[in-house]
């Protein structure tokens, strides 16, 4: 299944950590009290009988898996419903509202052990009238208020309205605000998401401050995955691979949570892969598969990293591709002798749009060294592609929307998240694969393939 980054790019990292929340406690599976009222407007139904509206909370971890029902009740004549939701861990699930065998709407809902959740809505207009109140959702409201303002600041920075010290001051302020949510809403899902956002901001400003914050959260099983992801990257860049591996070993020795331990092992395998230690990565992946062979939740990840290790490792030849752009043939063979970034994405993807200005700047700087950018959109409408570049400068080759069979392209390049990019050297060999936010590391990769070369004339 193809996933996309949207809304807040760091949110995906945080949600991964949320799976490490509260596992079954000593009394049994975590649970929360759920109640509420759903009514129908007089203009639709003047009978004032609100019975028969089905309210369910489900868990569906992949497109292929069956949905597990965690809560189900049907409204009485007054529209009221109540009951207990039982769930495997504190995290987000899906709330569904149905009537007369027709789904009326759905919404993400946060469940935490011991919480009380109140749901209210009026039909029609479910999406506008639906409200969810709980301790978890109050914390989420605080987080979202800060996040909306932060996204506005990010937009100002990307557009050049905020620069230099002013931009740094604003980023530091929001890093502190997120960290305050983490501390004040301790234990909530919002707290963990805020910690992830704060770490991301601190990492962009001051690696030492980021590491200090990571050391404060590294003994929290719900957040150790964030410590592993950000800490390993920073230490690998600053002190080398062995130091980064030692850091992951330290985290592994701290955690007592099986899921956290599993995620640290995944980060270790990815680090070895990104560092071109392919044989070591394969060996550790084999051990990982034996250890977690019965865990369905990691099956997709194992298949993905195994494919990358086999066909898309650093040093492997990039898979073939070919398309026409403005009458010129662009292909793997035509680009031999040219280093380039190959990006495969949905142009409608929010993260890609946010990163576009950075790509434009990178291209302007490094095209003097012969670096090219090549974009293959996954959007299926040429109208979408044309509209995207009507608002932006098109400075490099872009494939038409119908240039490739979409599913075949996704499988060949193992696209699980977008945007996905490949840095390719002059010999047509992969330097590294970058997924989503990993793109921030691309400068280091570019410098490894051009540092000994003179700028192109």
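Observations, loosely collected:
- In the chain, Cα pairs under 8 Å separated by at least six residues give a relative contact order of 13 percent.
- Förster radius 45 Å - calculated FRET efficiency between residue 317 and residue 252 (Cβ-Cβ, nearest 0.05): 0.85
- Antiparallel DSSP beta bridges within the chain, percent to nearest 5: 75 percent
- Using alpha carbons only: equivalent-ellipsoid semi-axes of the stretch 145-311, gyration tensor based, whole Å: 31, 18, 15
- Those residues of the stretch 406-446 whose amide nitrogen sits under 12 Å from the label point placed on residue 384, 7 Å along Cα→Cβ: 406
- Built from the Cα atoms of the stretch 179-240, the convex hull projects on average onto 3.8 nm², one quarter of its surface area.
- On full extension, the segment bounded by residue 307 and residue 172 gains 44.7 nm, given 0.36 nm per residue less the C-alpha separation.
- Between helix 278-291 and the chain: long-axis angle, C-alpha atoms, 0 to 90°, nearest 10: 20 degrees
- Spread of Cα-to-Cα distances over 10 Å intervals beginning at zero, given as percent, for the stretch 326-394: 17, 50, 31, 2
- Semi-axis lengths, largest first, of the ellipsoid equivalent to the stretch 125-235 are 25, 21, 10 Å, with √(5λ) applied to each eigenvalue of the Cα gyration tensor.
- Two-site label geometry, residue 300 and residue 326: point separation in nm, points 7 Å out along Cα→Cβ: 3.8 nm
- Using alpha-carbon coordinates, inclination of helix 224-239 to the longest axis of the chain, degrees: 20 degrees
- Coordinate range along principal axes, alpha carbons of the chain, Å, largest first: 78, 52, 48
- Between helix 135-158 and the chain: long-axis angle, C-alpha atoms, 0 to 90°, nearest 10: 30 degrees
- Figure legend: label point modelled 7 angstrom from the Cα of residue 447 along Cα→Cβ; residues of the stretch 237-281 with amide N under 14 Å from it are 237-240.
- Relative contact order computed over the stretch 26-133 (Cα-Cα under 8 Å; 6+ residues apart), in percent: 34 percent
- Coarse-grained scattering of the stretch 26-133 at q = 0.17, 0.18, 0.22 Å⁻¹, given as base-10 log I(q)/I(0) from a Debye sum over alpha-carbon atoms: -0.78, -0.86, -1.20
- The orientation-averaged shadow of the Cα convex hull for the stretch 322-450, equal to a quarter of the hull surface, comes to 7.2 nm².
- Helical runs (DSSP H, four residues minimum) scored at -39500 (n - 2.57) apiece and divided by the length of the chain put the mean residue ellipticity at 222 nm at -14000 deg cm²/dmol.
Read the figures in this text as sums done on the coordinates, not as results from a lab. Just so it is clear, the structure is predicted and the values come from calculations on it, not from any experiment. Note that we place each Cβ from the backbone using ideal geometry, even for glycine, and neighbour counts take in every protein chain shown.
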